[in-house]
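I have placed the structure first, in the form of structure tokens, so that the comments after it can refer back to it.
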Amino acid sequence: MTTLSTDSAKPLCALSDLTDGTIGSALLDDGRRIAIYHVDGDVYATDDRCTHGNASLGDEGSLDGCIVECGLHLGAFDVRTGHAVSAPCSKPLQTYPVEIRDGKVWLSAHALAEEAP
Ligand code: FES
């Protein structure tokens, strides 16, 4: 797992720090922790906290293709959409659009614009 602090002017992480098939995490300016997934060359991001309980997907989750399984009760989500795909999870995860530029993973400008007051 890779954990990095970041702000809107910094990348979430270097793509090379996130081996294909693994989960990283990053802290946003507002203290939110997001999980970052590298799946077959694509990168996705969601809230780090499982919607079922107090578990970190970045720390305790496992990734199988585009499905992240929570380590606490084995519920699962599709990281592309945030949809819960396995009980006991039923509430979707918040997703964040990300982009890869210059070998680094960034929250997309679209995501930042949506968060601006
Ligand atoms: S806390 Fe994640 S499945 Fe229960």
Can you report the number of residues in the range 50-78 which are farther than 17 Å from residue 40 by Cβ and either of a type in the set (Lys, Arg) or more than 10 Å from the ligand (Cβ to nearest atom) (or both)?
2
Among the residues in the range 97-110, are any of a type in the set (Ser, Thr, Tyr) and within 14 Å of the ligand (Cβ to nearest atom)?
no
Could you check the range 11-31 and list, in sequence order, the residues that are surrounded by 14 or more Cβ atoms within 10 Å (Cβ to Cβ) and not aliphatic (A, V, I, L, M)?
11, 13, 17, 22, 24, 25
Identify the residue in the range 63-79 that is touching a Ser or Thr at 6+ places or on another chain (Cβ under 8 Å) and not aliphatic (A, V, I, L, M) and, among all such residues, is surrounded by the most Cβ atoms within 10 Å (Cβ to Cβ).
77
Conditions (1) within 11 Å of the ligand (Cβ to nearest atom); (2) part of a loop (DSSP other than H, G, I, E, B); number of the one not met by residue 29:
(1)
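Suppose the filter is of a type in the set (S, T, N, Q), at pLDDT 95 or above and out of contact with any Asp or Glu (no Cβ under 6 Å at 6 or more places or on another chain); does residue 46 pass it?
For residue 46, the condition - of a type in the set (S, T, N, Q), at pLDDT 95 or above and out of contact with any Asp or Glu (no Cβ under 6 Å at 6 or more places or on another chain) - is met.
Would you pick out the residues in the range 39-58 that are part of a strand (DSSP E or B) and more than 9 Å from the chain's Cα centre (by Cα)?
Within the range 39-58, 39, 42, 49, 56 qualify.
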Here the qualifying pairs (Cβ atoms under 9 Å; residues six or more apart or on different chains; first in the range 43-56 and more than 10 Å from residue 98 (Cβ to Cβ); second among the basic types (Lys, Arg) and within 13 Å of the ligand (Cβ to nearest atom)) come out as 51/91; 52/91; 55/49; 56/49
Would you check if residue 81 is within 16 Å of the ligand (Cβ to nearest atom), in a loop (DSSP other than H, G, I, E, B) and either at pLDDT 95 or above or among the hydroxyl-bearing types (Ser, Thr, Tyr) (or both)?
no
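Inspect all residues belonging to the range 94-114 and state whether any of them is among the basic types (Lys, Arg) and assigned to a loop (DSSP other than H, G, I, E, B).
Taking every residue of the range 94-114 in turn, none turns out to be among the basic types (Lys, Arg) and assigned to a loop (DSSP other than H, G, I, E, B).
The values are calculated or read from the model by the stated rules, or taken from the named source; none is laboratory data. Values in this document were obtained by computation on a predicted structure and should not be read as measured data. Please note: Cβ atoms are built from the backbone with ideal geometry, for glycine as well, and neighbour counts cover all protein chains shown.
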